[in-house]
Amino acid sequence: MTDDRTCTCGRLVDALDDYLDGTAGTSARAAIDAHLATCTSCPALVAEVRAIRGAARTLEPIEPPADVWRRVHAEVQRDAPARASRRPRLGLSRIGWRALQPIGAVAGLVLVVASLTWVGARLAVPAAGTVTAGADAFADFYVAEAEYTDAIVRLQDAADAATPRLDAFTSATLESSIDDIDLAIGDARDALAREPGNALSQENLLDALGSKVALLQDTVALAGDFDPAPEEQNP
Amino acid sequence: MSADDLELARRCREGDAAAFETVYRAHAGRLFGLLTRMTGSAHDAEDLLQDVFVQAHRKLAGFRGESSLGTWLYRLAVNHCLDHLRGKHSRMARSTDSLDAEDAAEPAAAAPALPEAIARIDLERAIAQLPAGCRAAFVLHDVEGLDHREVGEALGISEGTSKSQVHKARMKLRVLLRGAVPRSALEAV
């Protein structure tokens, strides 16, 4: 707490949370206790914060309104056929192909190659329900992962340069989507670190990497849409 | 991590609606409480809860059982909620600056003291009035019981900043709760 192990009202406020959370050192606790024994105002502060802290711990779960489940259920049911197509969240069909930059097109080709590589590998996995990939599929997975990762590295600079040209809402939406995808990538990599040959985790990782490539492409293309087209600049 | 969780996740992946409803019923209350308190808005929390479970359904293929289903959903909900708050407030730090300016002003000397037992409803209302940044830290630390390191990791802030945000929230709550205490209750204390 202090060099001379004394406590003042001001110092108590600074040390209050550690004191109440039980993370204050022995000497700091002793100094606060000594101060509380003589101070006329600090005991009330300590009691109030302790009451708030205690009440917070007693707050209980809150049941959501019944219609939330109905909405969740309806969306999940609607979602089922859509998942089969495994489209990225922001489809390129929604944005202008005119704006697609060359780097995005190259990365798109990489995406296709990587996908085909992986599909080939998956077809090579013998039985339905098998969760561990064979040696060939294992190697193909790493080829596909490297293709995706390379595409992401190449697209990232272009996407970073493109983002400031987007409006705040679009930028925030894209950023949020990238965060979600990065979370999925992290989860898949964690799972693979524990079980490198798990085919489901490999598929999850490639799905997530593919989504990231597509989203970075979308970012570049969207920024193109925000820029005036050359013919508009020079009518 | 229980075998039940893995079994439920497997059934959900296979499109078993009853299994997914079981997951929802088991965890929706805790997550809705968390989201309501983190956002300060039951309306926002309803939308977020819907998003979380729809996302969870999509991501269940990636659930490998390293943690319990509850922990997995909890992490998903916290991350989704923080995305929402970042989008809504641009940067969480900005929303906490306003509190810095007030620095959780001390209650006026003449203000009545808080009772030892604070009514839950009063506390819920007061939490909803906190600025978003310190509200999130307070909810995760004081309500959910995460330590400051975990709060820092969840919010993308340092452990020290988490401590400071929780402190500000507690001081601010003192002010808000004094306004909420009915006089009759005070006289009885």
- request: Sort through B:51, B:122, B:142 and tell me the only one that's modelled with pLDDT of 90 or more, surrounded by 18 or more Cβ atoms within 10 Å (Cβ to Cβ) and within 7 Å of another protein chain (Cβ to nearest Cβ).
  value: B:142
task: Would you check if there is a residue in region B:35-56 being within 12 Å of the chain's Cα centre (by Cα) and charged (D, E, K, R)?
output: yes
- prompt: Assuming residue B:78 fulfils every condition listed in (1) at pLDDT 60 or above; (2) assigned by TED's automatic domain parsing to the domain that holds residue B:167 apart from one, which condition is it?
  reply: (2)
field: Yes/no for residue A:166 being more than 10 Å from every other protein chain (Cβ to nearest Cβ) and more than 16 Å from residue A:149 (Cβ to Cβ)
entry: yes
query: What are the residues in region B:1-26 that are at the interface with chain A (Cβ under 9 Å from one of its Cβ atoms) and touching a residue at least 12 places away in the same chain (Cβ under 8 Å), if any?
result: B:20, B:24
- prompt: Any idea which residue in region B:57-75 is modelled with the highest pLDDT, counting only those that are among the hydrophobic types (A, V, I, L, M, F, W, C) and out of contact with any His (no Cβ under 9 Å at 6 or more places or on another chain)?
  reply: B:72
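The values are calculated or read from the model by the stated rules, or taken from the named source; none is laboratory data. As the structure is a computational prediction, the values presented were derived from the model and not from experiment. As a convention, Cβ positions derive from the backbone with ideal geometry for all residues, glycine included, and neighbour counts pool all protein chains shown.
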